[in-house]
Amino acid sequence: MSSLGLHSVHHIAIICSDYVRSKAFYTQDLGLEIIREVYRAERDSYKLDLALNDHYVIELFSFPNPPARPSRPESCGLRHLAFQVNNLDLTVQELTKKGITSEPIRIDEFTGKRFTFIADPDDLPLEFYEL
């Protein structure tokens, strides 16, 4: 444990431009489970809490007219979100079946592990990293 008492990452917050499309992507395409969904009328905003294997991982927010996130060229700030997978080939096959294109599989030069990237509906880079 860190000297600050840090234990683990609690969650990652993502703001999307099209709530319905992003909700479907993260729940149906990626298979994350809905913990709770709240509409906040004062903000005209949804907040969707999502879990992976019963662990709270993502807060998906909608806000009216959010600015686009610069993705390429890479900009300062959060670079990407990475998911660990058991079998990258099977993951890529399932993504392809859902019409989601992945980059060519690469090898991490330091660990020798395989990984690839896709983009979410707002072009946020998502990595799949093989155990």
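Brief remarks follow.
- In a fully extended conformation the segment linking THR27 and SER71 would gain 13.5 nm over its present Cα-Cα distance, using 0.36 nm per residue.
- Among the GluC sites (Glu not before Pro) found in the stretch 69-122, those both in a DSSP coil and sparsely packed, with 12 or fewer other Cβ atoms within 10 Å of their Cβ, are GLU74, GLU109.
- FRET efficiency for VAL9 and ILE107, using Cβ-Cβ distance with R0 set to 25 Å, rounded to 0.05: 0.50
- Accessible area (Å², per residue) of the chain, counting only protein heavy atoms and a probe of 1.4 Å: 66
- Förster radius 22 Å - calculated FRET efficiency between ARG79 and ILE35 (Cβ-Cβ, nearest 0.05): 0.30
- Neighbourhood net charge (15 Å Cβ-Cβ; Lys/Arg +1, Asp/Glu -1) for VAL20: -3
- Assigned charges on the beta-carbon of Lys, Arg, Asp, Glu; the chain dipole about Cα centre (debye): 140
- The ASP54 and GLU94 beta-carbon pair, evaluated with R₀ = 30 Å, returns a calculated FRET efficiency of approximately 0.90.
The values are calculated or read from the model by the stated rules, or taken from the named source; none is laboratory data. Note that this is a predicted model, so its numbers are computed, not measured. Positions of Cβ are backbone-derived with ideal geometry, glycine not excepted, and every protein chain shown enters the neighbour counts. Note: areas computed on protein heavy atoms with side chains; ligands, DNA, RNA excluded. Shrake-Rupley method; radii C 1.70, N 1.55, O 1.52, S 1.80 Å.
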